[in-house]
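Undergrad: The following block contains the structure, expressed as structure tokens.
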Amino acid sequence: MDIAIIPGDGIGKEVTAEAVKVLDAVADRFGRRLNLQHLPWSADHYLDTGVTIPANGYDTLRGFDAIFIGALGDPRVPDNRHARDILLGTRFELDLYVNHRPVKLLDERLCPLKGRQPHDVDFTVFRENTEGVYVGIGGRFKAGTDDEIAVQEEVNTWKGVNRIVRYAFEFAKARGLTKVCMADKSNAMPQGHALWQRVFREVASQYPQIEPTHYYIDALAMYLVVDPAQFQVIVTNNLFGDIVTDLAAAFQGGLGMAGSGNIHPGRTSMFEPVHGSAPKFAGKNVANPIGAISSAALMLEALGMKDEAAAIEAAVLAAVRENQVTQDIGGRLGTREAGDGIVRSIRAR
Ligand code: NAD
Ligand code: IPM
Ligand code: MN
């Protein structure tokens, strides 16, 4: 298997180094050949060369079986042009329409919500990943004056909404789950989100064994906090999915815990922690590597390596239970030491 590794910026580099150690350890343990090829695309690379992603960059990425990415974002590139080209560009160009973000509490003590057990926080968010407000359509007129007009369009297509909603139902069906919740803002956005309403009704009618529920996104945010146990699968648009998955990351112990996959079924897909480059933590060996390591497990699972993925998940769970973790979740270890512990546990299994 050929896997592209893009460490990126800030703590992205540090957590990627730990995910790479873990991938090497499972490859050894299970006798797999994982050919990990590092790509330097990052703020440093952009500032050195003026290139965010080379002209053939997306084609290069399509040549891999999967892509692993740390995080992108650097205060020295205020418009985040390189993040747009490398991260959002890859989502669009490789048409990675499913943003798969599992939300799973590993230990009661990590949850900021009162009295929640692991079985109360166990659901998956499917975020539409190729349209919505992220398409960048719009413009500014009379910019910088008091007459400035700024327009940022939201794009919703039948094809785009249908495929993500259908993916959410198929995921639920394959796992024997019984509920899918769609969240939109169709009360205030009656054009674009009427499409979500229609498609959701149509697709739901084809899955009679699954109960479809709907919340407006503001109510969803509230219900997530007061009663996360009611959720199994949530499907929503690009922006709302971005926001609720940071909220949901907090239920798991913080942004350092959450992993994700940017997926086009059957094609080269990209895996990354939900968090960003956290510049103030960069280079301090304090970032939690579990979100990155969990993303590596999601990647192996998507590549058909179920036992390997399960071995990583078991090692992460053991590290959390034994508190062999970083400070953000109550441990005393640095990024590298937390990664080392997970590697040792994989090699020992
Ligand atoms: P962030 O996710 O980088 O950090 C927010 C806060 O979350 C941090 O200050 C820290 O308290 C906590 N945190 C995040 N990751 C952690 C980890 N691994 N361990 C422990 N704590 C962690 O979000 P931000 O500060 O809004 O953004 C910083 C930069 O990252 C920006 O340039 C932003 O655009 C970019 N970003 C990139 C991605 C990505 O590459 N996928 C995602 C989000 C943000
Ligand atoms: C994420 C990030 C990105 C997004 C940013 C860096 C553009 O927040 O992956 O969640 O909004 O999709
Ligand atoms: Mn985000």
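Undergrad: Are any of the residues in the stretch 330-338 under 23 Å from W41 (Cβ atoms) and either of a type in the set (F, W, Y) or at pLDDT 95 or above (or both)?
TA: Taking the stretch 330-338 first, the residues under 23 Å from W41 (Cβ atoms) are 335.
Adding the requirement that they be either of a type in the set (F, W, Y) or at pLDDT 95 or above (or both) leaves 335.
Scanning the stretch 330-338 turns up at least one residue that is under 23 Å from W41 (Cβ atoms) and either of a type in the set (F, W, Y) or at pLDDT 95 or above (or both).
Undergrad: From the residues in the stretch 249-261 that are assigned to a helix (DSSP H, G or I) and within 26 Å of F200 (Cβ to Cβ), which one is nearest to ligand 3 (Cβ to nearest atom)?
TA: Ranking the candidates gives A249 first.
Undergrad: Tell me, yes or no, whether the stretch 233-255 has at least one residue that is surrounded by fewer than 20 Cβ atoms within 10 Å (Cβ to Cβ) and more than 15 Å from ligand 2 (Cβ to nearest atom).
TA: Looking for residues that are surrounded by fewer than 20 Cβ atoms within 10 Å (Cβ to Cβ) and more than 15 Å from ligand 2 (Cβ to nearest atom), one finds none in the stretch 233-255, hence no.
Undergrad: OK, next. Can you confirm whether A183 is among the hydrophobic types (A, V, I, L, M, F, W, C), open to solvent by less than 50 Å² (accessible area, probe 1.4 Å) and in contact with a Ser or Thr (Cβ under 7 Å, 6 or more places away or on another chain)?
TA: So A183 passes the test.
Undergrad: Consider only pairs whose beta carbons are under 9 Å apart and that are at least six residues apart or on different chains; among these, list those whose first residue lies in the stretch 313-326 and is free of Cβ contacts under 8 Å to residues at least 24 places away in the same chain and closer than 11 Å to G339 by Cβ and whose second residue is assigned to a helix (DSSP H, G or I) and open to solvent by less than 40 Å² (accessible area, probe 1.4 Å).
TA: Close Cβ pairs satisfying both conditions: Q324/A318; Q324/A338; Q324/G341; Q324/I342; Q324/S345.
Undergrad: Same structure, new question: Restricting the search to the stretch 266-294, which residues are assigned to a helix (DSSP H, G or I) and within 10 Å of ligand 1 (Cβ to nearest atom)?
TA: P279, K280, F281, I290, G291, A292
Undergrad: Another question, then. What do you reckon, is D246 in a helix (DSSP H, G or I), closer than 30 Å to E153 by Cα and out of contact with any helix residue (DSSP H, G or I) (no Cβ under 7 Å at 6 or more places or on another chain)?
TA: No, not satisfied.
Undergrad: Continuing with this model, one more query. Hey, P208 hits all of (1) out of contact with any helix residue (DSSP H, G or I) (no Cβ under 9 Å at 6 or more places or on another chain); (2) within 15 Å of ligand 3 (Cβ to nearest atom) but one; which does it fall short on?
TA: Looking at each condition in turn, P208 falls short on (2).
Undergrad: Take the residues in the stretch 244-263 that are touching a Ser or Thr at 6+ places or on another chain (Cβ under 9 Å) and not polar (S, T, N, Q), then tell me which one is nearest to V135 (Cα to Cα).
TA: Residue satisfying both the conditions and the ranking: I263.
Undergrad: Okay, next question. Output yes when any residue across the stretch 285-292 is surrounded by fewer than 21 Cβ atoms within 10 Å (Cβ to Cβ) and not small (G, A, S), and no when none is.
TA: Yes.
Undergrad: If you don't mind, another one. Being buried (at least 16 other Cβ atoms within 10 Å of the Cβ) and farther than 20 Å from K179 by Cβ is the filter here; which residues of the stretch 190-220 pass it?
TA: Result: G192, H193, L195.
Undergrad: A further question on this structure: Given (1) buried (at least 23 other Cβ atoms within 10 Å of the Cβ); (2) under 20 Å from H38 (Cα atoms), identify the lone condition not met by I312.
TA: Just one mismatch for I312, condition (2).
Undergrad: Among the residues of the stretch 59-91, write down those that are free of Cβ contacts under 8 Å to residues at least 40 places away in the same chain, away from ligand 3 (no atom under 15 Å from the Cβ) and not β-branched (V, I, T).
TA: Correct list: D59, R76, P78, D79, R81, D85, G89.
Undergrad: Going through the stretch 42-79 one residue at a time, which ones are within 16 Å of ligand 2 (Cβ to nearest atom) and part of a helix (DSSP H, G or I)?
TA: Those that are within 16 Å of ligand 2 (Cβ to nearest atom) and part of a helix (DSSP H, G or I): A43, Y46.
Undergrad: Follow-up. Step by step: first the residues of the stretch 123-140, then only those that are within 15 Å of the chain's Cα centre (by Cα) and hydrophobic (A, V, I, L, M, F, W, C), then the one that is farthest from ligand 2 (Cβ to nearest atom). Which residue is that?
TA: The residue in question is F123.
Undergrad: Select from the stretch 222-278 the residues that are in contact (Cβ under 8 Å) with a residue 24 or more places away in the chain and of a type in the set (S, T, Y) and write down the one among them that is farthest from A297 (Cα to Cα).
TA: T236
Condition check ((1) among the hydrophobic types (A, V, I, L, M, F, W, C); (2) surrounded by 20 or more Cβ atoms within 10 Å (Cβ to Cβ); (3) modelled with pLDDT under 95; (4) under 16 Å from T268 (Cα atoms)) across all residues:
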{"position": "A17", "(1), (2), (3), (4)": "yes, no, no, no"}
{"position": "A25", "(1), (2), (3), (4)": "yes, yes, no, no"}
{"position": "R29", "(1), (2), (3), (4)": "no, no, no, no"}
{"position": "T52", "(1), (2), (3), (4)": "no, yes, no, no"}
{"position": "F68", "(1), (2), (3), (4)": "yes, yes, no, yes"}
{"position": "N99", "(1), (2), (3), (4)": "no, yes, no, yes"}
{"position": "V103", "(1), (2), (3), (4)": "yes, yes, no, no"}
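Undergrad: Taking the stretch 222-245 as the region of interest, how many residues are away from ligand 3 (no atom under 16 Å from the Cβ) and among the hydrophobic types (A, V, I, L, M, F, W, C)?
TA: Of all residues in the stretch 222-245, those away from ligand 3 (no atom under 16 Å from the Cβ) come to 222-223, 225-233, 235.
Restricting the remaining residues to those that are among the hydrophobic types (A, V, I, L, M, F, W, C) gives 222, 225-226, 229, 231, 233, 235.
Number of matching residues: 7.
The values are calculated or read from the model by the stated rules, or taken from the named source; none is laboratory data. Remember, predicted model here, so these are calculated numbers, not experimental data. Quick reminder, even Gly has a Cβ in these numbers, built from the backbone with ideal geometry, and neighbours come from all protein chains shown. Side chains included, ligands, DNA and RNA excluded: accessible areas come from the protein's heavy atoms. Shrake-Rupley method; radii C 1.70, N 1.55, O 1.52, S 1.80 Å.
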